[in-house]
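Have a look at the structure below before the remarks.
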Amino acid sequence: MRFSQAFIPTLKEKPAEAEIPSHTLMIRSGMLRKLGSGIYSYLPLAKKVINYIETIVREELNAIGCQEILMPVLHPRELWEMSGRWNVYGPELMRLTDRHDREFALGPTHEEVITLIAKYDIKSYKQLPINLYQIQTKFRDEIRPRFGVMRSREFIMKDAYSFHKDKKSLKKTYDDMYKAYSRIFARCGLKSVAVEADVGAIGGSSSHEFMVLAETGESEVLHCKCGYAANLENAKITALDCNEHEEMKQLEKVSTPDRKSVEEVSAFLGVLPKKLIKTIVYKAGDNFVAILIRGDREINPVKVANFLQCVNLEFATEDEIAEFTKSTAGFVGPVGKKNIKIYADLNLKGTKNMITGVDEKDYHYRNVNLERDVHIDAWQDFIQAENGDKCPRCGKAMSSFRGIEVGQIFQLGDKYSTAMEATYDAENGSAVPYQMGCYGIGITRTMAASIEQFHDKDGIIWPISISPYDVELINLSPSDEDITEFCDNVYELLQDEFIDVLYDDRDEKAGFKFKDADLIGIPIHIIVGKKNFENEMVEIKIRKTGEKTTCAFDDILNKISSLIDTLYEEIDKNVT
RNA sequence: CGGGAUGUAGCGCAGCCCGGUAGCGCGCUUCGUUCGGGACGAAGAAGUCGCCGGUUCAAAUCCGGCCAUCCCGACCA
């Protein structure tokens, strides 16, 4: 493509709307334009990247026996009522009404549609397993779209769904998909990690998220050298140190005037925050529960919600605390409490002589021993893991990193097939709901994640496997007929070898073209200028390293081919 | 939805407090000079000042309402 003919509207200045590098650079490099909050147009450079990512995805999925289909974006309300999700999915479901007042959703995901397809056309165990996927625009009415295409309301997603006669077959496909996903992100040139993820309300037995490592990632991940990695909200906690060897002392009520917070109380009583027990009152549906955790730790609401099997978990208000627990916010305590369920974090088991509220303003108890003084309805892991916590597998300290979630895989089980009465006939003739798996990759988010992972102060650095072009050919002297004729020939030569070239033939100054080339981030630049031309040489620059070498005219094709091979080899060595 | 901010030419911004002529930089068009890291000069095109209403002789500017966008939070099967 000649740059003079290409639609690549680059910008010199940082757009006001963008905050993070990928968003800024996609706009500046002429890839992306905004239509509304969380709604974007993808211009030619972006579309080419999307195509390359999609091609890798298709190749890897087809290789493990997946088949591509295309399902509707528009979903009738009745379909979503079959699964019960018309009401459950909530305001994130983009809804609309047609001229006949019939209601529809714009598909945020396609479990319902695919399950319906299976229900009618996959009738025998002989047809199983089967794995179907599509690449399509998805709609989610995000409460707050953010960071360009990172969290947008309309985005391109690959979604796959597998159907099985039993869990064993599901597990096999799940493992195949896990490997395929690892290969896909590696082939895209990205450093990614699979982490244990929360299955949450979707149910099922197992789920992994694939995270691309990047400082600006929205998710925090804890990982261990032994290979364990988990989303922070899902990371299990192993035993924290506790003071179990102390002798139990007599319960003692002490005055703590106006000291409410852990910091205030621990400072006032001269003890470490971990000697305190926080009593947190939640409203779970119509019930109130108290959760006890150590004073120096934060509660993990995801763990609480999963334990309680509750979708709408909220903190109790001060008024609700007063009414339903007969207590005072800031001084709530578990001792003697009988009217609500009390659940304690596992790390409190065995602790001795702790400090809690008294349910009375301005007083706390010293020397609370939960097993002696409180009726605990259940012990459970409730707290948020932190950097430095011990690995639940090997016990060594874990460290944290930030990442961007680019894919997630689930073993769904029979949740949707049962809800929608989608069954196959087994060997013995009985109708059995399918075991299902579902598997997503955010295509447009993967593109943004690549930029987050690979950029510098000058612009984007594309991995060659998803770069919009392999090579940018820069003619520094477009007014010079000899040089221009030479560049035209190089352009032809490379194209004849199926090397995808962006040819900057514009009548602009050298600096202008260099800036644009660095911004756009094509991995290899061929620079043709007067001085080198007189010596029958061109300059070759590697965008990633900034390294520049010269190359004789005769050697250009060889040199470029071998550079491209090298760049691919660097990527392929990480593909397992 | 709570908190904060912004809306003026394609982009980035000033002007608003203190009402009266709409301005700067980039980009765009034309011409000339320049030509290896976002050149210079000259000429030019381009704006219902987010929308609606109010106050006023007069509103980008003051007042009210609405809309949109961005950031923090809640949220993210």
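Please treat every number below as a calculation from the coordinates, not as lab data. Since we're looking at a predicted model, the values are computed, not measured. Ideal geometry is used to build each Cβ from the backbone, glycine not excepted, and the neighbour counts take in all protein chains shown.
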Checklist line | Dipole moment magnitude, nearest 20 debye, segment A:469-572 about Cα centre, only Lys, Arg, Asp, Glu C-beta charged | finding: 620
Check: So who's got an amide H within less than 5 Å of the one on A:ARG2, skipping anything under 5 residues away but keeping other chains? H placed 1.01 Å off N, in plane.
Finding: A:TYR503
Check: Hey, if you put +1 on the Cβ of every Lys and Arg and -1 on every Asp and Glu Cβ in chain A, which of A:HIS223, A:SER162, A:THR325 ends up farthest toward the positive end of that dipole?
Finding: A:THR325
Checklist line | Of A:PHE315, A:TYR89, A:ILE277, farthest towards positive along the dipole that unit charges on Lys, Arg, Asp, Glu beta carbons give chain A | finding: A:ILE277
Item checked: Calculated [θ] (222 nm, deg cm²/dmol) that DSSP helices of n ≥ 4 give over chain A, each run adding -39,500 (n - 2.57) -> -8500 deg cm²/dmol
Notebook entry, point to check: What percent do you get for the relative contact order of chain A when only Cα pairs under 8 Å and 6+ apart count?
Noted result: 17
Note to self: Treating only the Cβ of Lys, Arg, Asp and Glu as charged (+1, +1, -1, -1), what charge dipole size does chain A show about its Cα centre? Round to the nearest 20 debye.
What the structure shows: 1840
Next item on the list: Please list the non-local residues whose amide H lies under 5 Å from the amide H of A:ILE39, H modeled 1.01 Å from N, same-chain partners needing a gap of 5 or more.
Entry: A:ARG153
Notebook entry, point to check: For the pair A:LYS326 and A:GLU536, how long in nm is the line joining their label points, each one 7 Å along Cα→Cβ?
Noted result: 10.0
Checklist line | Cα centroid of segment A:534-576 to Cα centroid of segment A:286-339, whole Å | finding: 62
Checklist line | Length released on extending from A:ASN87 to A:LYS172, taking residue separation times 0.36 nm less the Cα-Cα span | finding: 27.3 nm
Notebook entry, point to check: Which of the lysines could a cross-linker bridge to A:LYS167, judged by Cα under 24 Å and excluding same-chain residues fewer than eight apart?
Noted result: A:LYS119, A:LYS123, A:LYS126, A:LYS158, A:LYS179, A:LYS415
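Write out the trypsin sites (Lys or Arg not before Pro) in segment A:339-416 meeting two conditions: DSSP loop, and at most 14 other Cβ atoms within 10 Å of their Cβ.
In loop regions of segment A:339-416 (DSSP not H, G, I, E or B), the sparsely surrounded trypsin sites (Lys or Arg not before Pro) are A:LYS349, A:ARG393, A:LYS396.
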Check: Among A:LEU292, A:TYR365, A:ASN347, whose Cα sits farthest toward the positive end of the charge dipole of segment A:252-380 (+1 at Cβ of Lys/Arg, -1 at Cβ of Asp/Glu, about the Cα centre)?
Finding: A:ASN347
Next item on the list: Rounding to the nearest 20 debye, state how big the charge dipole of segment A:252-380 is about its Cα centre with +1 on each Lys and Arg Cβ and -1 on each Asp and Glu Cβ.
Entry: 540
Check: Radius of gyration and Dmax for segment A:115-270's Cα atoms, expressed in Å?
Finding: 23.8, 73
Notebook entry, point to check: Which cross-chain or sequence-distant (5 or more) residues have an amide H under 5 Å from the amide H of A:GLU218, H modelled 1.01 Å from N in plane?
Noted result: A:GLY403, A:GLU405
Next item on the list: Report, ordered by chain and residue number, the aspartates and glutamates lying within cross-link reach of A:LYS236, taken as a straight Cα distance under 15 Å and ignoring same-chain residues fewer than 8 apart.
Entry: A:GLU196, A:ASP198, A:GLU220, A:GLU298, A:ASP345, A:ASP381, A:GLU386, A:ASP389
Check: Kirkwood hydrodynamic radius (Cα pairs, Å) of chain A?
Finding: 27.6
Next item on the list: Please report how many Lys pairs in segment A:1-58 have alpha carbons closer than 20 angstrom, counting only residues at least 8 apart along the chain or sitting on separate chains.
Entry: 4
Next item on the list: Grab the Cα-Cα distance for A:GLU78 and A:ASP456, subtract it from 0.36 nm times how many residues apart they are, and report the gain in nm with one decimal.
Entry: 131.1 nm
Note to self: Output wanted: per-residue J couplings in Hz (rounded whole) for segment A:280-288, from phi through Karplus 6.51 cos²θ - 1.76 cosθ + 1.60, θ = phi - 60°, x for Gly and Pro.
What the structure shows: 10, 9, 10, 9, 10, x, 9, 9, 10
Notebook entry, point to check: How far apart, in nm, are two points set 7 Å out from the Cα along the Cα-to-Cβ line at A:LYS14 and at A:ASP141?
Noted result: 3.4
Item checked: Spatially proximal lysines relative to A:LYS559 (Cα-Cα < 19 Å; intrachain offsets below 8 disregarded) -> A:LYS541, A:LYS544, A:LYS548
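Given 20 °C and 1.002 mPa s, compute D for segment A:252-380 with the Stokes-Einstein relation, Rh being the Kirkwood radius over Cα pairs; round to the nearest whole µm²/s.
Estimated diffusion coefficient is 148 µm²/s.
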Notebook entry, point to check: With the Cα gyration tensor of segment A:14-110 giving a ≥ b ≥ c as the square roots of its eigenvalues, does the rule (a/c under 1.5 for rounded; else a/b larger than b/c for prolate; else oblate) give rounded, prolate or oblate?
Noted result: oblate
